[in-house]
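A.B. asks: Take a look at the following structure, please.
The values are calculated or read from the model by the stated rules, or taken from the named source; none is laboratory data. Because the structure is predicted, anything quoted here is derived from the model rather than measured. Glycine gets a Cβ as well: all are built from the backbone with ideal geometry, and neighbour counts include every protein chain shown.
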Amino acid sequence: YRLYIGGEVDVVIYLNAQRDYNDVVKQYLDTVVRHRRSMLALNTVLGQRILP
């Protein structure tokens, strides 16, 4: 953002970097959700809380 505001990079490069960042954040959050669901499934199958 600072480089864009400072005029060191153009808008296309800035928007591509922002999109890449948003994609990585979404992948991370999707992975966290899958992990939590897997822990819930394991705990449910075992009938007790094994994983937090």
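A.B. asks: Between a residue in the stretch 16-41 that is on the phi < 0 side of the Ramachandran plot and any residue that is surrounded by 10 or more Cβ atoms within 10 Å (Cβ to Cβ) and among the aromatic types (F, W, Y), which pairs come within a Cβ distance under 9 Å, given they are 6 or more apart or on different chains?
C.D. replies: Final answer for the pair search is A17/Y4.
Residue-by-condition table, conditions (1) at pLDDT 95 or above; (2) within 24 Å of the chain's Cα centre (by Cα):
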| site | (1), (2) |
| --- | --- |
| E8 | no, no |
| V25 | yes, yes |
| T31 | yes, yes |
| R36 | yes, yes |
| P52 | no, yes |
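A.B. asks: Also: Count, please, the residues in the stretch 24-42 that happen to be in contact with a Leu (Cβ under 9 Å, 6 or more places away or on another chain) and either of a type in the set (D, E) or in a loop (DSSP other than H, G, I, E, B) (or both).
C.D. replies: 0
A.B. asks: Which of the residues belonging to the stretch 1-23 are among the aliphatic types (A, V, I, L, M), in a helix (DSSP H, G or I) and surrounded by 10 or more Cβ atoms within 10 Å (Cβ to Cβ)?
C.D. replies: L3, I13, L15, A17
A.B. asks: Turning to a different aspect of this structure: Checking V45 against (1) part of a helix (DSSP H, G or I); (2) surrounded by 10 or more Cβ atoms within 10 Å (Cβ to Cβ), which test does it fail?
C.D. replies: (2)
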